[in-house]
Amino acid sequence: MSDNTVTIDSKVYDLDKLSDDATLACSLLQEVQGEIVKVSRKLDIFRSSAVALTNKVRELVDEDAIVKDK
């Protein structure tokens, strides 16, 4: 299979045989999918950081700072 193909709904299409609009849409789709992967990785990092920071805050808070009901 050539590298110049796209698979949609289990069908492989030759990009050279698609219209310019379809080729552009495929290119944009590939770019968006790449960005989704990058953002997903960043989200994983942010979630891990939030857990670590929450644990650090738990270590550092002073019990005297707890607000008591009035």
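The values are calculated or read from the model by the stated rules, or taken from the named source; none is laboratory data. Because the structure is a prediction, the values reported are computed rather than measured. Neighbour counts are summed over all protein chains in view; Cβ atoms, including those assigned to glycine, are modelled from backbone coordinates with ideal geometry. The protein model used for the area step is the full one, side chains on, heavy atoms only, and it has no ligands, DNA or RNA in it. Shrake-Rupley method; radii C 1.70, N 1.55, O 1.52, S 1.80 Å.
Amide H contacts of Thr5 (H built 1.01 Å from N, in plane; Pro and chain starts excluded): Leu15 sit under 5 Å, all sequence-distant by 5 or more or on other chains. Annotation for the range 1-56: trypsin sites (Lys or Arg not before Pro) lying in DSSP loop with at most 16 further Cβ atoms inside 10 Å of their Cβ do not exist. Between the range 35-49 and the range 13-33, the alpha-carbon centres lie 26 Å apart.
Ranking Ile8, Ile66 by solvent-accessible area of protein heavy atoms (1.4 Å probe, all protein chains present), from largest to smallest, gives Ile66, Ile8. Structural size metrics of the chain, computed from C-alpha coordinates, are Rg and Dmax of 24.3, 74 Å. A 1.4 Å probe, protein heavy atoms only, puts the accessible area of Leu28 near 90 Å².
Fully extending the segment from Asp20 to Asp3 would add 4.4 nm, taking 0.36 nm per residue of separation and subtracting the current Cα-Cα distance. The stretch between Ser49 and Lys68, if pulled fully straight at 0.36 nm per residue, gains 3.9 nm over its current Cα-Cα span.
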